[in-house]
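Heads up, the thing below is written out as structure tokens.
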Amino acid sequence: MTPEQLRRREALLARNDAALERWPDRADPEFTIEMAAVAEGFEALAHAIPLSERDAVECSRTWRWAGNAYYDLGAGKDLAALERAAEAYRRAENALEAAAGADDAVEWVKLNYSFGKVLLQLSEAKDLGLATNARTRLRAAPCANMTCVTYP
């Protein structure tokens, strides 16, 4: 990532945090406008990062933050926002897998946790495939190449 892209991402993170602090209930129309702009900003930035081995982890991180912003945008309940979050997490996963030689365990934990939450919400307790995928990711979240804690 270029220094300009890193500055842009830091500005988006600051906007994201400020929106969550200002509108903790995530119900205000102004929150929706602001968080949509933040999510789209992360997505545009992620598209602009070349998926080279050198930048793959940063690209993944940016996609993950886009997914987090979409999740927050829909307050974890809006189907369209959850689907956009899931797509961003898929792209984050693809980028992280492209990071050959960069075994970033912490990033895998964060991604598995976020992706698992979204898939569980998308399953609506009706889609066994999504729920199973969510469970797998959530179980992997506390591990990711570290000493694992096994959950039933």
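The values are calculated or read from the model by the stated rules, or taken from the named source; none is laboratory data. Everything numeric here is computed off the predicted structure, so don't read it as measured data. Because the Cβ atoms are built from the backbone with ideal geometry, glycine has one as well, and the counts that use them run over all protein chains shown. Ligands, DNA and RNA are stripped out before the accessible areas are found, and what is left, the full protein with its side chains, is counted by its heavy atoms. Shrake-Rupley method; radii C 1.70, N 1.55, O 1.52, S 1.80 Å.
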*Limited to the range 13-42, what total is found for residues that are surrounded by 18 or more Cβ atoms within 10 Å (Cβ to Cβ) and among the small types (Gly, Ala, Ser)?*
3
*Do we find a residue being closer than 20 Å to ARG9 by Cα and touching a residue at least 12 places away in the same chain (Cβ under 8 Å) anywhere in the range 115-129?*
no
_Which count do you get for residues in the range 116-131 that are modelled with pLDDT under 90 and assigned to a helix (DSSP H, G or I)?_
11
*What residue, among those in the range 97-115 that are over 13 Å from the mean Cα position of the chain (by Cα) and open to solvent by less than 30 Å² (accessible area, probe 1.4 Å), is modelled with the highest pLDDT?*
ALA105
*Test set (1) among the small types (Gly, Ala, Ser); (2) modelled with pLDDT of 90 or more; (3) open to solvent by less than 10 Å² (accessible area, probe 1.4 Å) - ALA56 fails condition number*: (2)
*Run ALA144 past the list (1) open to solvent by less than 10 Å² (accessible area, probe 1.4 Å); (2) out of contact with any Leu (no Cβ under 6 Å at 6 or more places or on another chain); (3) modelled with pLDDT under 85 and report the number of the one that doesn't hold.*
(1)
_Residue among ALA85, ALA134 that is within 15 Å of the chain's Cα centre (by Cα), farther than 15 Å from ARG64 by Cα and either buried (at least 21 other Cβ atoms within 10 Å of the Cβ) or at pLDDT below 90 (or both)_ = ALA134
*Of the numbered conditions (1) modelled with pLDDT under 90; (2) within 18 Å of GLN5 (Cβ to Cβ), GLU40 satisfies every one except a single condition; which is it?*
(1)
_From GLY76, GLY129, residue being of a type in the set (Gly, Ala, Ser), under 14 Å from the mean Cα position of the chain (by Cα) and surrounded by fewer than 18 Cβ atoms within 10 Å (Cβ to Cβ)_ = GLY76
*For GLU10, indicate whether it is open to solvent by 40 Å² or more (accessible area, probe 1.4 Å), modelled with pLDDT of 95 or more and farther than 23 Å from VAL106 by Cα.*
no
